[in-house]
Amino acid sequence: ICGLAYKGKSLPLSVFLFLVSGDITQKGYEKKRAKLLAPYVPQTQGRYLFWLDNEFKIVGSFPGVDPALQKESRTQTPAPAAAPASASSSSSSKFHRARSGGARDERYRSDIHTEAVQAALAKHKEQKMALPMPTKRRSTFVQSPADACTPPDTSSASEDEGSLRRQAALSAALHQSLQNAESWINRSIQGSSTSSSASSTLSHGEGKGTSGSLADVFANTRIENFSVPPDVTATTSSSSARPATKSFPPGVPVSSRVSTKIQQLLNTLKRPKRPPLKEFFVDDFEEIVEVPQPDPNQPKPEGRQMTPVKGEPLGVVCNWPPALEAALQRWGTTQAKCPCLTALDVTGKPVYTLTYGKLWSRSLKLAYTLLNKLGTKNEPVLKPGDRVALVYPNNDPVMFMVAFYGCLLAEVIPVPIEVPLTRKDAGGQQIGFLLGSCGIALALTTEVCLKGLPKTQNGEIVQFKGWPRLKWVVTDSKYLSKSPKDWQPNISAAGTEPAYIEYKTSKEGSVMGVTVSRIAMLSHCQALSQACNYSEGETIVNVLDFKKDAGLWHGILTNVMNKLHTISVPYSVMKTCPLSWVQRVHTHKAKVALVKCRDLHWAMMAHRDQRDVSLSSLRMLIVTDGANPWSVSSCDAFLSLFQSHGLKPEAICPCATSPEAMTIAIRRPGVPGAPLPGRAILSMNGLSFGVIRVNTEDKNSALTVQDVGHVMPGGMMCIVKPDGPPQLCKTDEIGEICVSSRAGGMMYFGLAGLTKNTFEVFIKYANHQRHLNTCFIYGSLVFVVGKMDGLLTVSGRRHNADDIVATGLAVESIKTVYRGRIAVFSVSVFYDERIVVVAEQRPDASEEDSFQWMSRVLQAIDSIHQVGVYCLALVPANTLPKTPLGGIHISQTKQHFLEGSLHPCNILMCPHTCVTNLPKPRQKQPGVGPASVMVGNLVAGKRIAQASGRDLGQLEDNDLVKKHQFLTEVLQWRAQATPDHPLFLLLNAKGTTVCTATCLQLHKKAERIASVLCDKGHLNAGDNVVLLYPPGIELITAFYGCLYAGCIPVTVRPPHAQSLTATLPTVRMIVEVSKAACILTTQTLMRLLKSREAAAAVDVKTWPTIIDTDDLPRKRLSQIYKPPTSEMLAYLDFSVSTTGMLTGVKMSHAAVSGLCRAIKLQCELYSSRQIAICLDPYCGLGFVLWCLCSVYSGHQSILIPPMELESNLFLWLSTVSQYKIRDTFCSYSVMELCTKGLGNQVEMLKSRGINLSCVRTCVVVAEERPRVSLTHSFSKLFKDIGLSSRAVSTTFGSRVNVAICLQVMQVLSSAYIGTSGPDPTTVYVDLKSLRHDRVRLVERGAPQSLLLSESGKILPGVKVVIVNPETKGPLGDSHLGEIWVNSPHTASGYYTIYDNETLQADHFNTRLSFGDAAQTLWARTGYLGFVRRTELTAASGERHDALYVVGALDETLELRGLRYHPIDIETSVSRTHRSIAECAVFTWTNLLVVVVELCGCEQEALDLVPLVTNVVLEEHYLIVGVVVVVDPGVIPINSRGEKQRMHLRDSFLADQLDPIYVAYNM
């Protein structure tokens, strides 16, 4: 009884009966079908629903399906699947050549699917490729031949890879259409543009394709010196000529030096991207991750709720034994001569037959030995119920069978495992975990196997990683004791006690032991005997692993139950003689064969070697991986080839199995002439939504599946929803199989929680065991569409890993993929699963072929499965972790990928395609009025963010300040008052004093230099003089000499003799910009400036007057210059910023005096004090401390040139210790040098007597955010030699004001003495809020938190306010804004040639747009920060306001409407892999570029690409556009230890980095 509706119309029974009949030619069927259905087909396409009673089987093809897809009729004969081989070659050489050809994995062979892939790829064949190839250094990844990097045993094919394949089937159609991924990328990158500002100006036109081969594009991408960047957005009808007009994308200047590849990438990314983003929104607190909305058109299940399906009752046979051991006893004693098991040698010939008598007697001996001979009578090693490991090789089934039954007779529980080959076997540690959790202390093995195990040098078996200590017992007969005649094993009726444990590996790679009870073992044997209709004495050929799964159930257990004769064909024989199992069937006239699809293909490939085999005796060919949807094509191909050899179509019996539920369903052996089993052509789109829809529309995305027969006898099956609590599915819904049966596992050993979820699933109808396959049931036929372990859930849709592997293999993989070895898995990145495809690359594959294959695979998967691939990687042949039978170990591969130890040789990341759940770009609010801000702050209870140092007016003024306005006057006064007081002490690398300067010496030498300037240089007051000196006292004397002469000194770092071309142009630029009238320097440097090498870098003839000060005439200056006012210029401070800008600022005499006074008060500097300075003395606070402060305050400065530390790392710390210095100043580069170089030498420092307990303050001088991790590391490392944990502090200054903050430790006292907690000067802020220019404090350890340290205490006389840089209005203390400063020592302005007044006014003399401080003149520091009131009290009793610097405003990256600080992204990237030495990021148009220095081997370069992409996406919600891997030292860093990101950017765009690898993320 049936009913069928088609397109909403009912059909007559005659039509239906025709449609389900299979005995008609394809052509005739199609014609007749079209004619019959014509009246019922409406104009619009729809789908049909059908119901089948248990009586009906689904036969032939489904009506309503495109004729091109109806290729499943078994009466048709597909083309032979054998690879053509040369007639002249021998059969064996044919076979080897076919295997080594690296053809596709034929398990996934499907003509329909190949056509679908071809159609998908041909869709855009006219368009040009828009993917730029990655750039790879030629020295990298020279692949060795496959043999060289492969152990001989593992080069074979496996259950996960068919190594025998046909090679010519695919090439024709795919060859003709070199399609292009351009339009696909156009769609796929939408939504991930990293710049909201850029996205608004993009052109939204689709480029029309131009035909042409991919090679043309590759040729163009390879030309590095192409004069015009190729415009891949241009269109032309010509297929061969390039556009003649020069076309540039908007925003890129014509003169810009941009590499071809980057230009291509930019053009690619400038197109509209998928999916279109919704309107911008204003987000005040959190970044909201986009949650993919369910597609309103997605198919939903519409059937009724299913009812469980029962198998036929388990028949009661009178002579079935009460236990399996009883069956063995019966046959062993009554049919002792009958053969039980035949083993083959390596050539495939029978070598030994075990009879039932031998099996019984040897098992008995082993059982007796295990129980009585291993320990003493009082202390036996084993007792019933204990677990033992069975470690037997795959080519020794006889010894295994004896050991297995010996354990059953001794009532100990066997745990069969694989033979460990090395200490680092893939998954070996997890096997060890299983052994440990089972409490196994004993392993049974053979003598030969024991000898082959890896040994230590002492000859002992190595301790395998993660394994418990094992006692190894050899079970060869000669070592066993014969049991006494009165000893009999205890054979009781089968109960629920455990019989054996079978291991299984989960999706995550963990190994679990499925415990099978004796009653389950017996019931399963009974059910198999009934379903397969086994009869006594039948011969079965077993090609499977006899230690587990169907190989164990049929070949070892059911075998003994029914007195069968098993011929065991080991894997090693199949490798050398793939037809051996067919020959065994023929020779022994076997009734049943147990195979996998792999074995069918091996036989097809080698069938020409022997034509006279007959398979007519086979009544069942059990295909144990028939549950794989791709097995249908394997079965068809094998049948078409071997039908002429007597194979009956009804003999092919696919089955579905799992370790938990054992055999779930099996197709019963058919009767000749009976209707053929069922087929279904399903829509992959429907399957991804978990519903069954017959494919009627897009033939490219169809999946043909065959049934796996009926439910097992005595079992009941239902389909439950895979997610959430178990609920029955609807009849048209895909779900997970649950089985209720006595014949199934009872638990995961030792894992109670998992056991409950898997083995004790309660559904309304019955208790079930969960089986990890996804399937549906039609009638009583079971159809399986995939395994739960292979399920990839991406954005709510489910995809099957096997389906994606099949698509990859259908894309002409023969040139690229080694032996069809492809792994597909998903990784969790940014709140969703992302698909990763990893394939082994053939050793002879070219870069172009590989890249072409990769880009085609991406397009095919996108087109057929409607899902994006996140990462596609190619690794060298034979390098992926292997399972025991040579397949790819997926979980281990995934682990290597996530750890960065996969070592790919090619990689393509496509985050733009996949990541569609990024937060919406933020659009900043229009300017808010002053009143709103004030009211808003009041309502929110916020303070205006401002802070100030102590008031200078309240501080005691000494005579010095009143008397002397200028630094020159102070020096003269000191030369008279304390002539012999030492001011400066210069040390060399050995720590010895090379030069000192007392007050008088400094004054006298300054006079002589002033005299030379007037006489030799003929300079006038106000002329600029460049001081070019190495760090030392000469620089100081030259500085004061200039002041004495009334000249303006400009200190410049001298050029480096070894890198003149890099350093001399900067000197030249400062000389020109400052309009210097003269250069003061040493004789050595003067020779260098005029040398031939210098002439190659700059024009040496145009230097101003150069005066060397090594030999000065003893001539006194007639009169020391005194400036008329203190506002006159004292010196110029030139510095190159991290963004590559050279800026000079003007420092007046008043500012110099004010600055020195503020530092003296803050640091409590007096004449009796000593400080140690290890800084560069050329600009900023470093120059002030080195040259000015000692003269003003009278303290002694011990000067340590930082470059001396390169030859003596101990110099700075030993000086501090030797002189018992209380205050020392250094740079971050010095601190990093000591941390990295001396971190592991603390004991040596102690032995040298270095003690830092004298240090009160160690101040790091910098113009950046405090590097908290570095200062913490330094404090922690050297606390063992006395360094106080609170000693290290930082300063903050900028170009407009070189010293805003400087920390001293005694000024603050905690208001909460005795309370424990973090250092009060550090806070954790929320990174997400910071991107929105807001400050939200969070707890330590909070996700997305950033540790910030106070930048030092604000100097006396300094005021700071936090300002909105756009509106110039003051901000509340919960906002991030620009730090503005007002102080007596702010610089007077920029020194520019043209005196740009607008810039001057904006940066140095600017006012707030509103607020109390609107009348004050402020200077803009260009740094972002915030102010927070702390729980500390200042000396005045008021609570202390701390200033936190976050980063430079001109370095921030404006991406997606948010503000990012490069250092945050770089910190994340540096953590991802041990081989990343340094990292820098910058943007170019809308691309985020990440440059990483690789300190490991070049093999690891490509491992970094996915890790970098992942971490930036996870932590910063950004997609990386380009990842550049370079050698150590390539990222430019200035003398202050700051990265020069803009220099790096320029070098990148000019192709000057010589990268190891450049990856363009698509």
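Leaving ligands, DNA and RNA out of it, report the carbon-plus-sulfur percent of the accessible area of the range 1501-1562 at a 1.4 Å probe.
In the range 1501-1562, the share of accessible area belonging to carbon and sulfur is 50 percent.
Kindly provide the Kirkwood hydrodynamic radius of the range 458-602 in Å, to one decimal, from all pairs of distinct alpha carbon atoms.
Every distinct Cα pair counted, the radius reaches 18.4 Å.
Apply 1/(1 + (r/R0)^6) to the Cβ-Cβ distance of Trp320 and Gln463, taking R0 = 45 Å, and write down the FRET efficiency to the nearest 0.05.
About 0.50, to the nearest 0.05.
In what sequence, largest accessible area first, do Ser1197, Ser1388 appear using a 1.4 Å probe?
Ser1388, Ser1197
Where in the range 816-856 does the label zone of Arg1471 land, with the point 7 angstrom along Cα→C-beta and an amide N cut-off under 19 Å?
Residues 828-832 fall inside that zone.
State which entries of Lys424/Lys465; Lys1359/Lys1539; Lys563/Lys591; Lys1160/Lys1353; Lys504/Lys563 exceed 19 angstrom in Cα-Cα distance in the structure shown.
Over 19 Å Cα-Cα: Lys1359/Lys1539; Lys504/Lys563.
Assuming R0 = 56 Å, what is the FRET efficiency of Thr587 and Arg1340, from their Cβ-Cβ distance, to the nearest 0.05?
Computed FRET efficiency for Thr587 and Arg1340: 0.15.
Identify the trypsin sites (Lys or Arg not before Pro) of the range 576-611 meeting these criteria: DSSP loop state and at most 14 other C-beta atoms within 10 Å of the C-beta.
Lys589, Arg611
Starting from the residue with the highest accessible area, list Ser644, Ser1329, Ser1547 in decreasing order, probe 1.4 Å.
Ser644, Ser1547, Ser1329
Return the loop-located trypsin sites (Lys or Arg not before Pro) in the range 311-358 (DSSP other than H, G, I, E, B) with at most 16 other Cβ atoms within 10 Å of their own Cβ; answer none if there are none.
Within the range 311-358, the qualifying trypsin sites (Lys or Arg not before Pro) (loop, at most 16 other Cβ atoms within 10 Å) are Lys337.
Multiply the residue gap between Thr978 and Leu1417 by 0.36 nm, knock off their C-alpha separation, and tell me the result in nm, one decimal place.
Additional length available on full extension: 154.0 nm.
Using a probe radius of 1.4 Å on heavy atoms only, what accessible surface per residue do you get for the range 1321-1370? Whole Å² is fine.
Per-residue accessible area for the range 1321-1370 comes out at 33 Å².
Could you give the length gained by full extension between Asp476 and Arg330, i.e. 0.36 nm per residue of separation minus their alpha carbon distance, to one decimal place?
Length gained, Asp476 through Arg330: 50.2 nm.
With +1 on the Cβ of every Lys and Arg and -1 on the Cβ of every Asp and Glu, and nothing else charged, how large is the dipole of the range 1321-1465 about its Cα centre, in debye rounded to the nearest 20?
For the range 1321-1465, the charge dipole is close to 360 debye.
Could you tell me the relative contact order of the range 479-554? Use alpha-carbon pairs under 8 Å, at least six residues apart, and round to a whole percent.
22
Expected output is a single nm value to one decimal: the length gained when fully extending between Glu447 and Asp345, i.e. 0.36 nm times separation in residues minus the C-alpha distance. What is it?
Residue separation times 0.36 nm, minus the Cα-Cα distance, leaves 35.0 nm.
Among the chymotrypsin sites (Phe, Trp or Tyr not before Pro) within the range 400-501, which fall in a DSSP loop and have no more than 13 other Cβ atoms within 10 Å of their own Cβ?
Trp487
Sort Met1147, Met716, Met1203 from largest to smallest accessible area, using a 1.4 Å probe on the heavy atoms of the protein chains.
Met1203, Met716, Met1147
Which of Lys451/Lys471; Lys1005/Lys1101; Lys547/Lys721; Lys1005/Lys1122; Lys1016/Lys1090 have a Cα-Cα distance over 24 Å?
Lys1005/Lys1101; Lys547/Lys721
Just how much of Leu1327 is accessible, in Å², when a 1.4 Å probe is used and the result is rounded to the nearest 10?
20
Quick one: Cα centre-to-centre distance for the range 1101-1142 and the range 484-519, in angstrom?
That distance is 92 Å.
Go ahead and run the numbers for FRET between Asp486 and Glu379, Cβ-Cβ distance against an R0 of 30 Å, rounding to 0.05.
Computed FRET efficiency for Asp486 and Glu379: 0.85.
How large is the charge dipole for the range 391-537, taken about the Cα centre, if only the Cβ atoms of Lys, Arg (+1) and Asp, Glu (-1) carry charge, to the nearest 20 debye?
Here the size comes out at about 440 debye.
The values are calculated or read from the model by the stated rules, or taken from the named source; none is laboratory data. Everything numeric here is computed off the predicted structure, so don't read it as measured data. Cβ: placed from backbone, ideal geometry, glycine included. Neighbour counts: every protein chain shown. Surface accessibility is based on the protein's heavy atoms, side chains included, excluding ligands, DNA and RNA. Shrake-Rupley method; radii C 1.70, N 1.55, O 1.52, S 1.80 Å.
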